[in-house]
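Quick note: the coordinates plus some simple rules give every number you see, no bench work behind them. These numbers come from a predicted model, not from an experiment. Cβ placement follows ideal geometry from the backbone for every residue including glycine, while neighbour counts extend to all protein chains displayed.
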Amino acid sequence: MCSYAVDLWTHHPTILTDEAALKKVLREASEAGNAIVLAEASHVFPNGAVTIALVLSQSHLNIHTWPEHDLANVDLLTCGVLEGEVILEHVKRGLEASRTAVTRITRDVTMEPPA
């Protein structure tokens, strides 16, 4: 199981306020990474920033945009057959990322709980 926290800066900032385009990017990325989307929710803020959450059968994919900084924050938790690196590459391409910072944490779900 892996958890990814990704900061993406873009030279295409209009996508950061385009709820429909962002949903399309996330859905296509999920499909490419073998994820099944079970549900989604989104909200557009007064400044145009968008938050979208996809509930995946194998966990979740979220995006929060900061159009005033040309920035999107993406959170992805993967498990099972989900291909996190593939999902993130699709998101990077879809947002035309000019720079990215990725924090990846591997979570060991096979460890025994502490006594």
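If only the Cβ of Lys and Arg carry +1 and only the Cβ of Asp and Glu carry -1, the dipole of the chain around its Cα centre is close to 40 debye. Taking the C-alpha atoms only, the angle from helix 84-94 to the longest principal axis of the chain is near 0 degrees. The angle separating the long axis of helix 19-32 from the principal Cα axis of greatest extent in the chain is about 30 degrees.
Each other residue within a Cβ distance under 13 Å of residue 83 adds +1 if Lys or Arg and -1 if Asp or Glu, for a net charge of -3.
Below 11 angstrom from the Cβ of residue 48, what's the summed charge of the other residues (Lys, Arg +1; Asp, Glu -1)?
Working: positive: none; negative: 18, 19, 68.
Summing Lys/Arg as +1 and Asp/Glu as -1 gives -3.
Each peptide in 68-79, 97-108, 33-44 receives the mean, over its residues, of other Cβ atoms within 10 Å, and ordering these scores from highest gives 68-79, 33-44, 97-108. Candidate values (i) 29, 15, 13; (ii) 22, 16, 14; (iii) 25, 15, 13 were compared with semi-axes √(5λ) of the Cα gyration tensor in Å computed on the shown model; the agreeing label is (iii).
Per residue, the chain reaches -7000 deg cm²/dmol at 222 nm when only DSSP H runs of four or more residues are counted, each adding -39500 (n - 2.57).
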